[in-house]
Amino acid sequence: MHVRAPIQSGSLRRNVLIGGGAAALLASLYALAPRGAASSERKAGVRIAVPVVPHAGLIHLASARGLFKDRGLDVTLLPQGYGKAAVAELVRGNADLAVAADVPVVVEILKGAPLSIVASVANASNELAVLGRIDRGIRTPADLGGRRVGVTLGTSGEYFLWAFLVRYRIAPQSVQLVDLPPSGLIDALSHDQVDAITAWQPVRHEAELAFGDRVVSLRAPDAYAQTYVLVGRQDYVQSHREALGRVLRALLDADAFVDADPQAARQLLAGLLKLRPETFDPAWQDVTLEVEQQQAQLVTLEDVATWAMARRYAPSQPVPNFVSHLELDTMLAVSPDRVTVVR
C-alpha cells in the first residue's frame with residue numbers, strides 16, 4: 001500500500017481493485033441490502049449509473065457499507081458494464097448521476113450534453129495496456145503497424161491506444177481498430193479476430209492469465225493520466241446541491257475507510273464481486289481511489305476534446321472552457337482542501 005503525505009483532512013493515497021463480476025450480480029446484491037430505518041422515507045433518492053470496474057470502487061464501498069444511508073440518502077445503483085454505458089444512461093435520463101472515465105464525458109459535452117463533473121473518484125496512469133499475440137508476430141510496439149487491435153471505441157481504452165501509438169511514433173491510421181465491448185476482448189483475441197487488444201483492469205490481467213507467455217503486455221507509462229469522475233446533468237446538479245453534498249460526504253467516508261483499513265476494504269470488495277485472488281491481487285496497485293477536484297485534470301480534458309474532434313466523435317468547435325463543466329461549489333463546501341482548481 002503506497003501512501004502520500006497527509007493533506008489537511010488526513011486522507012492518504014490508496015490503490016484498490018474491484019471489477020469482474022456481472023452487472024446483474026451486483027444489481028441483485030444491492031437489491032438485497034437491508035433498507036434503512038423507519039425514517040428512510042425522508043431520505044433523498046439518488047440513482048447512480050455505476051460501471052463494474054476498479055475505478056468505481058468508492059461508490060460500491062459506500063453502498064455496501066451503508067454509508068449513503070448514514071448520510072440520509074436512498075441511493076439506487078444501476079450497474080453497467082463500463083463507463084461509456086453509464087454516461088449513456090445519464091444522458092437518456094435514466095440516472096441522476098453517473099461514474100465514468102473522462103473520455104465519454106468529454107465526448108458527450110462536445111455533442112452538447114449539459115454535464116457537470118461533481119468530483120473525480122479515481123485515477124490511474126499506468127493501468128491500461130496493449131496485449132499482443134506473440135504468435136501473430138507482436139513483440140514490440142513497432143509490430144502493431146498494420147495489425148487489427150480490439151478496443152472499445154469512444155472510451156479511455158481507445159484514447160490510451162492513440163496516446164500509446166503516438167508515444168512510440170507509430171502512425172495511428174496504420175492500425176485497424178476493431179470495436180468490441182470489454183467483455184468480448186479476450187474472446188476475440190483467442191479466436192484470431194484481432195491480433196491485439198487494449199484493455200483496462202481487470203480484463204487486462206484476465207487476458208494475461210488466460211494467454212500466459214503467448215501474449216506480450218505493452219505499456220506506455222504516463223502516456224495518459226486517466227481520471228474517473230462522478231458526473232450529472234447541470235440542471236440536476238444545480239437543483240440538488242444538498243443531496244450532492246451528502247453523496248460526496250458518503251464517498252469521503254468510503255475514502256476514509258480504505259485509508260484506515262485497506263485490507264478490510266480489499267476483502268469486502270473481493271467478496272462482493274466474487275473475484276479470485278489471482279485476478280484481484282496483481283491489480284491492487286493500479287487504481288488510486290481519491291475524492292477530489294484537481295487542476296491537473298483540466299489539461300487532460302482539453303487534450304481528450306482535441307482528440308475526440310479529430311476522431312469525429314463530435315463536431316469541430318473551439319475547445320470548451322472545462323472549468324464551466326466542473327461543479328466546484330459542492331466540493332468546496334464539503335471538503336475545500338480537496339479542490340485545487342483555479343477559478
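Bear in mind these aren't lab numbers, they're just calculated from the coordinates by the rules spelled out. These numbers were taken from a predicted model, which means no experiment stands behind them. Positions of Cβ are backbone-derived with ideal geometry, glycine not excepted, and every protein chain shown enters the neighbour counts.
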Might you report the magnitude of the Cβ-based charge dipole of the chain about its Cα centre, with Lys and Arg at +1 and Asp and Glu at -1, to the nearest 20 debye?
220
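What is the gain in length, in nm to one decimal, between Ala264 and Ile134 on full extension, counting 0.36 nm per residue of separation less the C-alpha to C-alpha distance? Provide the component values of the computation, followed by the final result.
Details: separation 130, 0.36 × 130 = 46.80 nm, distance 3.87 nm.
Stretched out fully, the Ala264 to Ile134 stretch lengthens by 42.9 nm.
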Direction-averaged shadow area of the convex hull around the Cα atoms of the range 129-218, nm²?
4.8
Provide the convex hull volume over Cα atoms per residue for the chain, in Å³.
130
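Tell me, Kirkwood radius of the range 192-343 from alpha-carbon pair distances, in Å? Write out the running numbers ahead of the final one.
Values: mean 1/r = 0.0532 Å⁻¹.
Its Kirkwood hydrodynamic radius stands at 18.8 Å.
For Ala171 and Val319 in the same chain, what is the full-extension length gain: residue separation times 0.36 nm, less their Cα-Cα distance, in nm?
Between Ala171 and Val319, full extension yields 50.9 nm more.
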Find the centroid of the Cα atoms in the range 160-181 and in the range 250-305, then give the distance between the two in whole Å.
27
Here the relative contact order (percent) of the chain, from C-alpha pairs under 8 Å and at least 6 apart, is 27
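How large is the charge dipole for the range 129-218, taken about the Cα centre, if only the Cβ atoms of Lys, Arg (+1) and Asp, Glu (-1) carry charge, to the nearest 20 debye?
Values: 9 positive and 10 negative charges, 67 e Å.
Value, rounded to 20: 320 debye.
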Using the membrane-span-like helix rule (whole DSSP H runs, Cα extent along the own axis of at least 24 Å, mean Kyte-Doolittle hydropathy at least -1.0), which helices of the chain qualify?
241-260
Specify the inter-centroid distance of the range 42-93 and the range 186-238, based on alpha-carbon positions, in whole Å.
21
